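A short write-up of the structure that comes next.
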Amino acid sequence: MQARALTPEEYFIEAEPYYEASGDEIVIFEAAYRNKLPILLKGPTGCGKTRFMEYMAWRLERPLLTVSCHDDLTASDLVGRYLVKGGETVWVDGPLARAVRAGGICYLDEIVEARKDTMVVIHPLADDRRVLPMEKLGVLLEANQDFCLAISYNPGYQSVLKDLKQSTRQRFVALEFGYPSAALEQRIVANEANIAAEIAEKLVKFAHMTRNLKGSGLDEGASTRLLMHAGKLIASGIGPVSACQSAIAQAITDDPEMLAAIQELSSSLF
């Protein structure tokens, strides 16, 4: 029986990720980490939660294991399972167990998308016990002192059936993320897409127009991530209106009338 170990080249972030703080999220995260408190990030998609986690892993010099949760994600996917290799049955740790053993940061993105049995294994890690139940091995794995559990979800997308229960929420220190201020978002888009500040400014204005349509035909407006996608297309020679149509409008809606309206907005700016 063997477990797969973490290796630096796989999970350590060597180069500093570009991140600009919009509040006191960095100092709160560091304080929570020092006190071995789990962290909950909540906010709309594409607003920088994952980049923030990458930055904090680099800053704290800890390996980062990111799991994108989905409907079929089970507790075994996180903890590990027995596999047959070369005629021998071996135990292979899942990402959560790897992080627990090695003192890494395990980031469970969009946790409410995972199956309910995953909560059974993260609850003991998210309180004073800091243990991971490994039922198939019959052990309680104590977390390395440097281990950190972080989860995220988008409150705007959750239904009653896919909401984060109070029994889970109240175990975590919560950081709320939103879209950056206009000036900060312009700097981020200009830097990430390598475009002129004037183009970034217009993209951010366009994003605010689409965000104002939330609840009036759109579930979500353009995220900062989508602005960076559009900016990269523009930097590659694509016209701004076409870039906004492909990278932003088509990404946030399929409704023909809404697509036409969004295109009019981009045409008015560019």
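Each Lys and Arg Cβ is given +1 and each Asp and Glu Cβ -1; about its Cα centre, the chain then shows a dipole of about 540 debye. Please give the FRET efficiency for E257 paired with E30, using the beta carbon to beta carbon distance and R0 = 51 Å, rounded to the nearest 0.05. The formula returns an efficiency of 0.60 here. The lysines whose alpha-carbon is closer than 16 Å to the alpha-carbon of K205, local same-chain residues fewer than 8 away aside, are K214.
If each residue of separation counts as 0.36 nm, what is the full-extension length gain between F12 and K214 once their alpha-carbon separation is subtracted? Working shown, then result.
On the way: separation 202, 0.36 × 202 = 72.72 nm, distance 3.77 nm.
Difference between extended and current length: 69.0 nm.
The long axis of helix 49-60 is offset from the longest Cα principal axis of the chain by roughly 50 degrees.
Under 5 Å from the amide H of A114 lie the amide H atoms of H70, each residue being 5 or more positions distant or on a separate chain, with H modelled from the backbone and absent for Pro and chain starts. Ordering S167, I26, C69 by the projection of their Cα atoms onto the charge dipole of the chain, which places +1 on the Cβ of Lys and Arg and -1 on the Cβ of Asp and Glu, puts S167 at the extreme positive end. Close amide-amide hydrogen proximity is noted between G80 and G94, each under 5 Å apart and 5 or more residues distant or on a separate chain (H modeled in the peptide plane; Pro and chain starts excluded).
Report, to the nearest 10°, how far helix 256-269 tilts away from the longest principal axis of the Cα atoms in the chain, using its own Cα long axis and a range of 0 to 90°. So the inclination is approximately 70 degrees. Backbone geometry of the stretch 228-242 corresponds, through the Karplus equation with coefficients 6.51, -1.76 and 1.60 at θ = phi - 60°, to 3J(HN,Hα) couplings of 5, 4, 4, x, 5, 5, 4, 5, 8, x, 7, x, x, 5, 5 Hz, x marking Gly and Pro. Taking 28 Å as the straight-line reach from the Cα of K136, the lysines in range (excluding those fewer than 8 positions away in the same chain) are K36, K85, K116, K162, K165. Once the C-beta distance of Q145 and A183 is scaled by a Förster radius of 35 Å, the resulting FRET efficiency is 0.30 to the nearest 0.05. Restricting to Cα pairs below 8 Å that are 6+ residues apart, what does the relative contact order work out to for the chain? Please round to a whole percent. It comes to 20 percent, rounded to a whole number. Normalising the average separation of contacting C-alpha pairs (under 8 angstrom, six or more residues apart) by the number of residues puts the relative contact order of the stretch 182-269 at 27 percent.
Rule-based calculations on the coordinates, nothing more; no lab input. This is a predicted model, so every value here is computed, not measured. Cβ sites come from the backbone with ideal geometry, for glycine too, and all protein chains shown count toward neighbours.
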